[in-house]
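Heads up, the thing below is written out as structure tokens.
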Amino acid sequence: MIGEISVSPDRRSLGITAAQLIVDRLRAKLNSDRKATLVLSGGETPRLVYSEIPEIARRSDLDWNQVHLFWGDERSVGPDDPESNYRMAREALLGGIGIPGSNIHRIFGELPPATAAANYAGEIERFFGTRDGRLPVFDLVLLGLGVDGHIASLFPDGTAVQEKHLLVVPSGVASVRTERISLTLPVINNASGVFIIVSGLAKARILRTVLEGPDAALPAQRLRPGSVTWLVDAEAASLLKGAL
Ligand code: 6PG
């Protein structure tokens, strides 16, 4: 098994549990630092979690002035496009937390993918002061899991998952309609923590494969085990045989 796993009884409680763990992780970082970085994901399961965060953050007195938001990937569309991961976060999260605009580091999906990727990599390097080639250390990266084992926009049938040096790359594959821009595996695996949020029966088979084999070097199977926490509901976990 890769990392730790937490099973919630249903989708709604998964959303609440994941939101609380995210806020707890950010608060813990801010106990010892003035900044915390959170990388958001696209997808319906992450959206469910985002909608629970504002109230939990209010109750936990999380200071959003000290939190910086980034994205793990974006579709090659503008910020108001229905497909935009930024728009989804704006609707499900940003409107309810009063975070300064300067703390929001979105991917400019409206630009050509290669330009958007280079610009975003530059933004990350400026923020972390890592123009010298060192990898950034994000405090927490949120991911969903695709039924094909993709994470962010790193797909099994694409080349982006093989990238070993760049921080951000375009990622266009036949299995998705819209070209994407994605953080690369070296960046994701260099994070202090990774939460993968998985819900529903449709994900049960892929979750069993990723956690219990066979090892097909799927993107989700290439995560660094030390930092990964799987936050799943009972339906997604229903085919797991191992000790939970
Ligand atoms: C995206 C995400 C993608 C998503 C998974 C799971 O841009 O859509 O980066 O990796 O998280 O496909 O999505 P669901 O939770 O909606 O199944």
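The values are calculated or read from the model by the stated rules, or taken from the named source; none is laboratory data. These numbers were taken from a predicted model, which means no experiment stands behind them. Neighbour counts are summed over all protein chains in view; Cβ atoms, including those assigned to glycine, are modelled from backbone coordinates with ideal geometry.
What the table below lists for this structure:
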quantity	calculated
Filter result for the condition that a residue is part of a loop (DSSP other than H, G, I, E, B) and touching a residue at least 60 places away in the same chain (Cβ under 8 Å), over L111, L145	L145
Of the criteria (1) touching a residue at least 60 places away in the same chain (Cβ under 8 Å); (2) more than 24 Å from R25 (Cα to Cα); (3) surrounded by fewer than 24 Cβ atoms within 10 Å (Cβ to Cβ), which one T159 fails	(1)
Residue within segment 53-74 that is aromatic (F, W, Y) and over 15 Å from the mean Cα position of the chain (by Cα) present	yes
Unique residue being modelled with pLDDT of 95 or more and either at positive phi or surrounded by fewer than 18 Cβ atoms within 10 Å (Cβ to Cβ) (or both) when the list is E52, E91, E74	E91
Qualifying residue in segment 93-116 (condition: within 13 Å of S182 (Cα to Cα) and away from the ligand (no atom under 16 Å from the Cβ))	yes
Every pair of residues 6+ apart whose Cβ atoms lie under 6 Å, when the first sits in segment 39-60 and is over 17 Å from G98 (Cα atoms) and among the small types (G, A, S) while the second is near the ligand (Cβ under 10 Å from one of its atoms) and part of a strand (DSSP E or B)	S41/L142; S41/L143
So E125, is it closer than 25 Å to G172 by Cα, among the charged types (D, E, K, R) and surrounded by fewer than 16 Cβ atoms within 10 Å (Cβ to Cβ)	no
Hits in segment 167-216 (condition: without any contact (Cβ under 8 Å) to a residue 24 or more places away in the chain and more than 10 Å from the ligand (Cβ to nearest atom))	V173, A174, R177, G213, P214, D215
Selection count, segment 29-75, where residues are within 11 Å of the ligand (Cβ to nearest atom) and either in contact with a Phe, Trp or Tyr (Cβ under 8 Å, 6 or more places away or on another chain) or not hydrophobic (A, V, I, L, M, F, W, C) (or both)	14
Count of segment 174-214 residues which are within 25 Å of K241 (Cα to Cα) and among the charged types (D, E, K, R)	4
Criterion: surrounded by fewer than 23 Cβ atoms within 10 Å (Cβ to Cβ), of a type outside the set (F, W, Y) and over 24 Å from I196 (Cβ atoms) - qualifying residue of G98, G43	G98
Options A220, A174, A204, A243: the member that is crowded, with 24+ Cβ neighbours inside 10 Å and either among the hydrophobic types (A, V, I, L, M, F, W, C) or modelled with pLDDT of 95 or more (or both)	A220
Residues of segment 177-201 classified as in a helix (DSSP H, G or I) and surrounded by fewer than 17 Cβ atoms within 10 Å (Cβ to Cβ), total	2
Selected residue [within 13 Å of the chain's Cα centre (by Cα), more than 23 Å from V7 (Cβ to Cβ) and of a type in the set (S, T, N, Q)] from S153, S175	S153
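The rows are residues; the columns are (1) within 18 Å of L145 (Cα to Cα); (2) of a type in the set (D, E, K, R).
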| site | (1), (2) |
| --- | --- |
| S6 | yes, no |
| R11 | yes, yes |
| Q20 | no, no |
| K29 | no, yes |
| R34 | no, yes |
| L40 | yes, no |
